[in-house]
1. Helix-only mean residue ellipticity at 222 nm, the protein assembly as shown, DSSP H runs n ≥ 4 weighted -39,500 (n - 2.57), per residue, nearest 500. What is it?
2. Can you give the mean number of other chain Cβ atoms that lie within 10 Å of the Cβ atoms in peptide A:271-281?
3. Multiply the residue separation of residue B:533 and residue B:369 by 0.36 nm, subtract the distance between their alpha-carbon atoms, and state the gained length in nm to one decimal.
4. Is the C-alpha gyration tensor of the range B:74-213 telling us rounded, prolate or oblate? Criteria: a/c under 1.5 is rounded; beyond that, a/b larger than b/c is prolate, otherwise oblate.
5. Determine the principal axes of the Cα atoms in the range B:112-187, then give the extent along each, sorted from largest to smallest and rounded to whole angstroms.
6. Any idea how far apart residue A:104 and residue B:574 come out in nm if each label point goes 7 Å out from Cα toward Cβ?
7. Kindly put A:333, B:410 in sequence by how many other C-beta atoms sit within 10 Å of each C-beta, fewest to most.
8. Enter the mean projected area of the convex hull around the alpha-carbon atoms of the range B:41-134, in nm², rounded to one decimal.
């Protein structure tokens, strides 16, 4: 061990990196303690080592560091945090240190924040329906326990409200098990963090939540560690303590920008929009830490939030995220401008695990058909609206006009609900049927005759 | 045993390690790095150092750590026990790893790829004293209820078979010897083969048999030949993985090698839980009994992802050499290309397009070239079909991986975001997709039905006409079109909903036999031919659409079983009868009683898969 040895010779400082000379026997990914002339300590991690030199990424940033007067010590192991049940109800900084005034967590269980890859053989396929109380999600883009389902948003849209509503309302129908909420904030404003704290507090969920805050004024490089610290606690609580954990990560775009910053200061060859070529693998290392494991009771459900720069879903961050996560909830600027909350886009939103988590014994027999029919009919509404914009509404056929009526009702009554409103899945499906009952019976081609007989009620349809 | 050489680490940059002292080591030899003996491969030799890419997480590795090598290339162990097994990218058994170290993959773990204790009942097919040649089949054993495993003389070995022992053996037992001038070869049931070196064959043949996938849009419109190559490009959410799963489940290859390369963990879990339960209709056995799986999910080490497709295709070649038809599904080759890019960037290679190294195209070509229809060394036919998913960033097909892939594959199944959004699966676009195998497999289909190509081309021309008309409809609505064109829209919609769209979860629709495919499409075209005549006689599109027998058409795919195609004949008669009834109603005037409001609208027939 070389914790005793301190190095003082630097050959450079660049962005979040310092280059330490003359080091011996230092490993890749080791934690580094950097003490500046005033005695203040920062933490870092080695990114590259050779026989003379170590490249160190400083989590707190290099602002104020000088080439002279630094003392650098290598700890000899990767970043570890103590994990314990007692961390619930607490607030930590982005590196996992308490900032709520209460003492440091004491635990003899230390875990490496980088985690280990889960053996695909050891995974349990997620199938348990989570009722979020939000119709657009429960009815059409069902969240499943152990799923990673991101919210793709844009600046100004109410992704935080939605995430907080989900955190408050999420329930498993089959068992009386509460969710533990772990909240990781990367580069978000103080008021956003405060909003979550207040929201969790009001609903009494705060006592079984843990918050990791790396706010906008914290060094950007710290954000690279924050989700890992949060997920490490989540893994401990889920797979060693048997809890069901909901992890909210916001905002992943800020995380990716920090990664881009680091990559560019290392002089790496960029791929799209300056993001490093390994952005996909790096995001996967975070997102794949969700799921269920065979022989373990707990689960990790992930809900990353990201803002799409200029609402562009093909931007590398949402694009690569969509390739890794099991679907996406997309917020729609047009719905938002219409004043609809939650403005969850009908068509581009998707839950890949939905098909195995709904139906008889999980939600209701007609669920899959209602969802498919709503998707198809709403897709048609979009086409008819495009046509109406050109030929005028008057010129539309009678059926098309009924579709427009359906479209409006669907947005105002099915999608739209109050921020405090917690709908059961039965309520959601019933509203769905009320919407479908606006349409002529023959238009419901994705629903079997039996289900139509049972639920189709044109007299109840809003005319 | 090869000689062991030792060196030491001088620099570590992510998974790329530089070492010195490894004199005599060759390119692509295996090196074991550090105290955990992490597996790595030599990827570059410099005058002052050896560059090694490490296949495992190498956090904590430090300069000065030891590196050892036996100067052997990275190889897979080929033998009985591969079937139904699941491996990581460097052929470590994932089941064994979970038994040894729990839910997570701990680094440095080493386990034999094949069960070394399991006994296999070996039946020799050749007697001692015979002259044997490379690739010759000298015996067989039952590997799974579906697969008879042929034991081959390894490539490069020939001479006189001096002994061969039947009975129960493990892969460790010596079961035969071959003597030649070069010395004595002691043969076992399993042998190593370097992953980056294609296994030899006697000659390449022209592919001429279609790989029947049971997916109508593929088999009928964009078929692939056994021994061919195909790419499935599509943005996220377009159903690449679902399409790959459907192909792996229902295509008529003897062996499936499924490579999950840098994709989601839960998707592999889905395959792992599904395949043992799904029953192959052709033989009544679980699909897992013909499947080998390689899973290197997105969070597993990147270099192992790069090598996983070679591991998979080498296993495929081994079964091809036994005379089998093998299908390789690689999901996704983009993740493989990204692994290549990531490693190239760490090596400081000069990038070409979008940061990908200049050798991307060469590597892709080499990989797809390992597909083919061949005569094996033992004189049998064997083939490998490679189907690679491509994940273009932003769904943009002009990016380098899609572009280069399309140069080397002869079948291109483009997935369409619009179709996927409308939940039309498989979302293979009939406008952007193509196949070059039509002339190769035409004879096979013509033996089934001489009109195949004519039927296909006619249906295709209706779809293309529809595509053109849709541009007009977008501007003026369908009501403004003349009846004949409205009817084209109607028939095209019928082709889309009653034929192209297929429900992978419907017990009947999930697999559609070629016989049923052609009958289905013929019925639709019959409607087209007769309908055009009816329109001339004054019947309206609305009236044709309103016939019960016409609206039943969309349900044929999920109601008529493959084994009972007589029902198709009966339906065809009913259709003719129904259309006749319209004709007889003219020109004396016709009560418009059957019409309901939505009948004109062809889209109301969408689906029928509910």
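1. Helix contribution divided over all residues of the protein assembly as shown: -9500 deg cm²/dmol.
2. 6
3. 54.0 nm
4. Since a/c reaches 1.5 and a/b is larger than b/c, the shape of the range B:74-213 is classed as prolate.
5. 37, 24, 20
6. A separation of 7.9 nm, rounded to one decimal place.
7. A:333, B:410
8. One quarter of the hull surface, i.e. the mean projection, equals 10.5 nm².
Coordinate-derived values only; no laboratory data. Note that the structure is predicted; figures quoted are calculated from it, not measured. Because the Cβ atoms are built from the backbone with ideal geometry, glycine has one as well, and the counts that use them run over all protein chains shown.
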